[in-house]
Amino acid sequence: MEFTPCHPQPFTFQQAISFDPEVSADEIGRLQNSISHLKRTQEELQEYADDPDIAQAIKENNQTLSVQGSTWISLHLLRSTHAFTQSIAR
């Protein structure tokens, strides 16, 4: 299986395959929490989007959301791959 994320990741998919599934599950949870908070913050900032500094913060947060979302997808694919290979090995 090959997956090419649209943003740089802290690991390659091939490296991630060797990760402990528990660590992956923890990181998925952390990312979900971070994404949830960033989305809420984005909604709150929209009221002040006319301010150039706030507009820049919104733009940066959108980039962060995109990167974190891509990482979240990578880790979900990793867990699916790991579960699949474990079921075949049995």
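Derivation of every value follows stated rules applied to the coordinates shown; laboratory data play no part. Since this is a predicted model, take the numbers as computed values, not measurements. Here the Cβ is made from the backbone with ideal geometry for all residues, glycine too, and neighbour counts use every protein chain on show.
Remark on the stretch 25-89: hydrodynamic radius 13.4 angstrom, per the Kirkwood mean of 1/r across alpha carbon pairs. Placing +1 on the Cβ of every Lys and Arg and -1 on the Cβ of every Asp and Glu, with no other charges, gives the stretch 25-89 a dipole of roughly 500 debye about its Cα centre. As a rough guide to protection, the peptides 72-78, 22-28 ranked by mean Cβ packing within 10 Å, highest first, stand as 72-78, 22-28.
Net length available on complete extension from R40 to N62 is 6.7 nm, with 0.36 nm assigned per residue and the Cα-Cα distance removed.
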